[in-house]
Each structure stands twice: as C-alpha cells, then as structure tokens.
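Trainee: Here's a structure for you.
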Amino acid sequence: MTVNYLAFAIPAFFIFVFIEFKIAQYQKKAKIFKYESTVANFSVGIAERLLNLFIAASFYQVYNRVYTNYAIFDISTKWYVWILLLLATDFVWYWYHRLGHEINFLWAAHIVHHQSEEFNLSAAARITTIQAIFRNVFWCILPLLGFHPNMIITILLAHGAYSFFTHTQLAGKLGWLENILITPSLHGVHHASDEKYLDKNYGDVFVFWDKLFGTFQKEEEAPKYGLTHPIKSYSFLWQHFHYYLEIGEAYRRANGFRAKWNAIFGSPALMDQNIRPVLEERYFQQRKQYQSKPKFKTYLNIQLTGVVAMLTGTTMFYESLTSIHKIAIAVFILVTLINIGALLEQRKWIYYLECFRLILVFGYLFYRFDIIEFLILPVVGLIILERNFSLNSLYKKHFFSYQSNTINT
C-alpha cells in the first residue's frame, strides 16, 4: 500500500496553530484569534487540500511536459542552481501575486486569502483550488526556462512552508532581516486594509522585488486586517464565490465592449462598490454575530475534527482508494464544510442540509452493498421521524441560538 507522507503536514498545521494560540493566550493576545474566523479559515484550507488531491499530480505532469518539449535552456542540477531557482520562484511569485491584486478575475480567486479580519497562522490556510491552478500556470515559466520539475516541486514545498510562518503577529519585527526577507511584520502589512498599506509587499520570501518595483512598505502603525470592504458572511460558498458574482453583475451592468472587458480584466480598485450590498441582500448575506451555545460549538468542532481526520487519511492512502471512494469522501467533506459555514451563520435551512448529508451517507453505503434500490427506506424513515418527533424543532433547540443573543453587524 502506497503511503503519502505529505499527509502529516495536515495535523502539523493544526499543531502549529494550537501552539500559536497558546502562546497568544500566555502573552494575553488571544484576541488575535476569533472562533468563527478561525473555523472559516480552516474550512477554506480543508477544501483546497481536498480538491488538490485530484489535480496535484497533473501539475507535475504539466511541468514535465513543458520541460521535456519546450525548455529554452538546459539548466544543470548543481547546488548553486537551487539558489537561482529559489530566486526565480520568488520572482515569478511576486508577479503572479501582484497581478492577482490588479486583475479582477485573478483577484476573484485570491480575495479569499484576504477575507480574514484576524491575522494568524490559520489565515495561511485561506487558499482556494482555483487560486492554486492559476498559480501553477505561472509556475510553468520555470520548466520553460529549463529548471528540472523535481527541483521545482521541492522548492515550491519549501517556498510554501516559509510563507505559512509569515502569517502571525507574535513574531514582531525581526531587525535586519526586515531588509532581506518577507517577515511576519511585512506580510502583515500586505494583509492590511489601511490605505497606506494597500497593494504592498507582494514578495513571498524576499523583499528585493518589492523594493525594485516600488511596492515595499514597512509596518508603521498597527495594521487593520482584512478587506477594505469586508464580506458579511462566514458562509463557505459565499466566501469562495461572492467576487465572481460581483464580476458577473458588473459585466451585466456594463455598456459597451470596454466596460465589459474592464469588468473581467480591469482593476479591483475600480469595481463598483454598490454591487456587493445588492448581492448581499439578494443572497441573504447579512452577517449576525452570535454568542454560541456550548452544544453548538461542540457539534461544530466534532464535524471539523472528523473532516480533518478524513482528509488526512484520504491524503495518506489516496493512491490506494478507488474512484468511488474518492468521490464519496470529497462530496461528504464539501457538504460538511458547507454545513459548518451554515452553522456559523445559524441558517434556518441547515436542518435540510443535515438530512441531505445523512441520505448521502446511506446512499453510499447502500451502493457499496449493492442495495441502492432500498435507499427509499431511510428517506421514508426520516419523514416518519419528523412527523412524529419534530426533528427540525429538536435540532434547532440543541444547535441554534437563532432567536436570542444576536447582534446585527
């Protein structure tokens, strides 16, 4: 049985977040964590890791094809080439990252990374699969130049690991390193919504590129993190797709080719800010702040722990799983993440999503045992239980604080 040891990076991530949280508590800075935001951050990261299992191998295949058929130079694999590749990787990242802030359809994928109004290690998880695909298109420049795909993959792993640790407020400024590396302080500036900090510090490892291209900014006043126009939702789906809806609405409203072009390829800074409130009202995304009941959090934490365990196991033994197993696990995890977002927002329709998820589980089991025709039985059973015991009311009683302790924000 083939084991993918990269699976251990998943629990390691949560261990580091836990350590950061305990240090923050010790330093009396626990306010840098907020339960709802942290869970939302985890949900985005889980989805990205899950979906990337289905496409990650194709990234290497694309690199290998580009390298084999189109490499411009025959670059060796000697030790000093690793340094050159690291610099080239960070240079490509700088421009991918900068364009991700300057072009609407790229920003739609990257905006998810900036939605968190708390800046801590959990925010590093806010990467979407769509963003990962765009990013890997840019990485194709490296094998095109002639860098070996094996070297590229290794450097990308190190590159990603470094950037994870720049998402923290606990490190403070690091002296002379601030002139060489992108430190947590400098990356915190990049995540800020203050006007003086906007569109700064695009580098991932080195500050050279920001200084060279005029986008460097050191931290002065304490940053205010998040978007200049914060989203009003913890919804898993809304966080992923709201900006695509904004682009679609801007395109629909645009008159003429140039305006429609700008809706897709123009600058996010020029997006009509009246569009989002309209969409928020249309899709009921007016966030409330809840003082959650202990049972609500316990239930949510159990679900989150479960999907993390499933993701870790799936990653570890992915090559040994059948296609139907992979699809079933992916669907269950994604539906659960939507469920978690709905719990955070205390959506009334979540009970029906719970029923749907339960039927999915029965459907998978009945399929595995070749008795799919009996799936009607649990459906009828749920209807009978609802009629006799009012499961909907019981669910809301135990997992909702919808009618009380709410503050509009």
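FYI, it's all coordinate maths here, none of it is from the lab. Note that the coordinates shown come from a computational prediction; the quantities given were computed from them, not determined experimentally. Neighbour counts run over all protein chains shown; Cβ positions are idealised from the backbone, glycine included.
Trainee: Among K78/K196; K31/K196; K29/K348, which pairs are too far apart, with a Cα-Cα distance over 32 Å?
Mentor: Values: K78/K196 43 Å; K31/K196 24 Å; K29/K348 34 Å.
Among K78/K196; K31/K196; K29/K348, the Cα-Cα distance tops 32 Å for K78/K196; K29/K348.
Trainee: Could you identify which residue out of S233, S393, S185 has the top mean-square fluctuation in a GNM of the chain using Cα springs shorter than 10 Å?
Mentor: Most flexible of the set in this elastic network: S393.
Trainee: Any idea which of V137, P378, L174 is furthest toward the positive side of the dipole for the chain, if Lys and Arg beta-carbons carry +1 and Asp and Glu beta-carbons -1?
Mentor: Final value for the positive-end residue is P378.
Trainee: With Rg and Dmax of the Cα atoms in Å defined as stated, name the option among (i) 23.0, 73; (ii) 20.5, 69; (iii) 25.7, 89 computed from the structure displayed.
Mentor: Evaluating Rg and Dmax of the Cα atoms in Å on these atoms matches (i).
Trainee: Mind checking which of W107, W79, W209 has the largest fluctuation in a GNM of the chain, springs on alpha carbons under 10 Å?
Mentor: Maximum fluctuation in the GNM of the chain, among the listed residues, is at W79.
Trainee: Follow-up question, since we're still on this one. Per residue of region 221-228, what does 6.51 cos²θ - 1.76 cosθ + 1.60 with θ = phi - 60° give for ³J(HN,Hα)? Whole Hz please, x for Gly and Pro, Karplus curve as stated.
Mentor: 6, 4, x, 9, 8, x, 8, 5
Trainee: Quick check: convex hull over the Cα atoms of region 320-385, volume per residue in Å³, rounded to an integer? Numbers along the way, then the final one.
Mentor: Details: hull volume 5.3 nm³, N = 66.
Looking at region 320-385, the number lands at 80 Å³ per residue.
Trainee: Turning to a different aspect of this structure: List, in the order given, every pair from K28/K200; K173/K224; K200/K260 whose Cα-Cα distance in the structure shown is over 19 Å.
Mentor: Numbers: K28/K200 29 Å; K173/K224 17 Å; K200/K260 28 Å.
Pairs exceeding the cut-off: K28/K200; K200/K260.
Trainee: Which of F14, H110, S58 sits closest to the plus end of the dipole of the chain, meaning its Cα is farthest towards the positive end, when Lys and Arg get +1 and Asp and Glu get -1 on the C-beta?
Mentor: Of the candidates, F14 comes out farthest on the positive side.
Trainee: Next up: Cα atoms only, region 252-404: Rg and Dmax in Å?
Mentor: 20.8, 60
Trainee: Let me spell out the model: positive unit charges on the Cβ of Lys and Arg, negative unit charges on the Cβ of Asp and Glu, origin at the Cα centre of the chain. What dipole size does that give, in debye rounded to 20?
Mentor: Working: 37 positive and 28 negative charges, 189 e Å.
Dipole of the chain, to the nearest 20 debye: 900 debye.
Trainee: Another question, then. Considering only L360, L382, L334, give the residue with the highest GNM mean-square fluctuation for the chain, with springs between Cα atoms whenever their separation is below 10 Å.
Mentor: L382
Trainee: Post the alpha-carbon centroid distance, region 43-67 to region 292-345, in whole angstrom.
Mentor: After rounding, the separation between the Cα centres reads 19 Å.
Trainee: Hey, can you grab everything whose amide H is under 5 Å from the amide H of G266? Only 5+ residues off in sequence or another chain; H modelled, so Pro and N-termini drop out.
Mentor: N104
Trainee: Once you list every other residue whose beta carbon is under 13 Å from the beta carbon of H97, what net charge do they have if Lys and Arg are +1 and Asp and Glu are -1? Each step should come with its number before you reach the end.
Mentor: Working: positive: R98, R135, K200; negative: D90, E102, D199, D204, D210.
For residues surrounding H97, the net value is -2.
Trainee: Net charge around H325, counting only other residues with Cβ within less than 15 Å of its Cβ (Lys, Arg = +1; Asp, Glu = -1)? If you can, show how the numbers build up before the last one.
Mentor: Working: positive: K326, R368; negative: E319.
Cβ neighbours under 15 Å give a net charge of +1.
Trainee: For region 118-160, state the average projected area of the convex hull of the C-alpha atoms over all orientations, rounded to one decimal in nm². Could you put the intermediate results ahead of the total?
Mentor: Details: hull surface 14.4 nm².
Averaged projected hull area, Cα only: 3.6 nm².
Trainee: Could you work out the relative contact order of the chain? I mean the mean sequence separation of Cα pairs under 8 Å and 6+ apart, divided by the number of residues, in percent. Please report the intermediate quantities before stating the final value.
Mentor: Working: 496 pairs, mean separation 81.6, N = 409.
Relative contact order here is 20 percent.
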